[in-house]
Amino acid sequence: MKLLIANWKSHKNSQEVLDWLESFKKEEGRIKNKNNKIIIAPPMSLVGVVDWFSREHFDNSVREKINLGIQDISPYPMGKYTGAISIKNLEGLDVKYAIVGHSERRRYFHETHNDVANKVAQCIDAGITPVVCVDDEYVSSQAAAIKQEHLEKCIVAYEELSAIGSGKNEPIEHVQEVFSEIKKYFGETKLIYGGSVNASNVQDYLEICDGVLVGSASLKVEDFAAML
C-alpha cells in the first residue's frame, strides 16, 4: 500500500476545503479500487472541517483509505503555551498522521532537531504516526536527536530543498542514494519522497519508495486525483 500525503500548507479557507472535498468525493470509485492510503493534511484551523466532512460524506470503505493528518504539532504537552496546538487539543478528531520537521518549519520558524524530536515523542505517545521530514544535510543529526525506540515508528520523508515548490523533481538515482543513507539511522521504516511530485513523475517514485508527500499538486482536485 502506497501513501499519498496532500500537504496543503497554509492554502485554502473553509469554503475552499469543502469545495475540494466535494469534488474529491466524485473520485470515490477510483479511491476504492486503488491500493493507496490518502492522507489529507490541511491548515490546523481546518482540520475539523476535513474530519467532519469525512465522517458525514464518505462511506466506510472510502474512510478506510482517507486519513486525516496535521502539518505540525507543538513540541510541548497541554499547558501554558499561548498559541500552540498540543496533542490534547486534537482529542475527538480522527488525526492519524502528523508532518514534523518540514524544511519550511525549520527555515522560517527556526525549529531545532530537539524540537522535532519532542514533536515525534508527543505524536507517538498519542498513537499518531509522525512523518519526519529530512534532507541530505540533516539526516544523521536529526535522527540522533530522536529517541532510539521512536526511530522505526516514524515515516521518513526525504525532501530535496531545491525541489520543493520549484517544479524540478529530484533524480530517482539520487533519491535512492539518500534512502540508503536514511536507513542507516532510522532502520527499516517507511520511506517517502517529497519535492515537486506530480502525476507525470509519481509512478517513478512509487516504484522505489512507500509513498509521496505532495504539495502544489494536491491543491487542485484534478491534479491530485490524477496521481491516484
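The values are calculated or read from the model by the stated rules, or taken from the named source; none is laboratory data. Source: prediction; values computed, not measured. With ideal geometry, Cβ positions are generated from the backbone for all residues, glycine too; neighbour counts draw on all protein chains shown. Remember, those area values only see protein heavy atoms, side chains included, never the ligands or the DNA or RNA. Shrake-Rupley method; radii C 1.70, N 1.55, O 1.52, S 1.80 Å.
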Number of the exception - PHE186 against (1) under 23 Å from VAL95 (Cα atoms); (2) more than 17 Å from the chain's Cα centre (by Cα); (3) surrounded by 18 or more Cβ atoms within 10 Å (Cβ to Cβ): (1)
Residue ID - farthest from the chain's Cα centre (by Cα), chosen from residues in the stretch 58-87 that are crowded, with 18+ Cβ neighbours inside 10 Å and among the hydrophobic types (A, V, I, L, M, F, W, C): PHE58
Restricting the stretch 13-57 to residues that are outside any helix (DSSP H, G or I) and open to solvent by 10 Å² or more (accessible area, probe 1.4 Å), the residue that is nearest to LEU90 (Cα to Cα): PRO43
Of residues in the stretch 1-37 being at pLDDT 95 or above and among the β-branched types (Val, Ile, Thr), the one nearest to GLU64 (Cα to Cα): ILE5
Pairs with Cβ under 7 Å, 6+ apart, first in the stretch 193-220 and part of a loop (DSSP other than H, G, I, E, B), second among the β-branched types (Val, Ile, Thr) and surrounded by fewer than 19 Cβ atoms within 10 Å (Cβ to Cβ): ILE208/ILE172
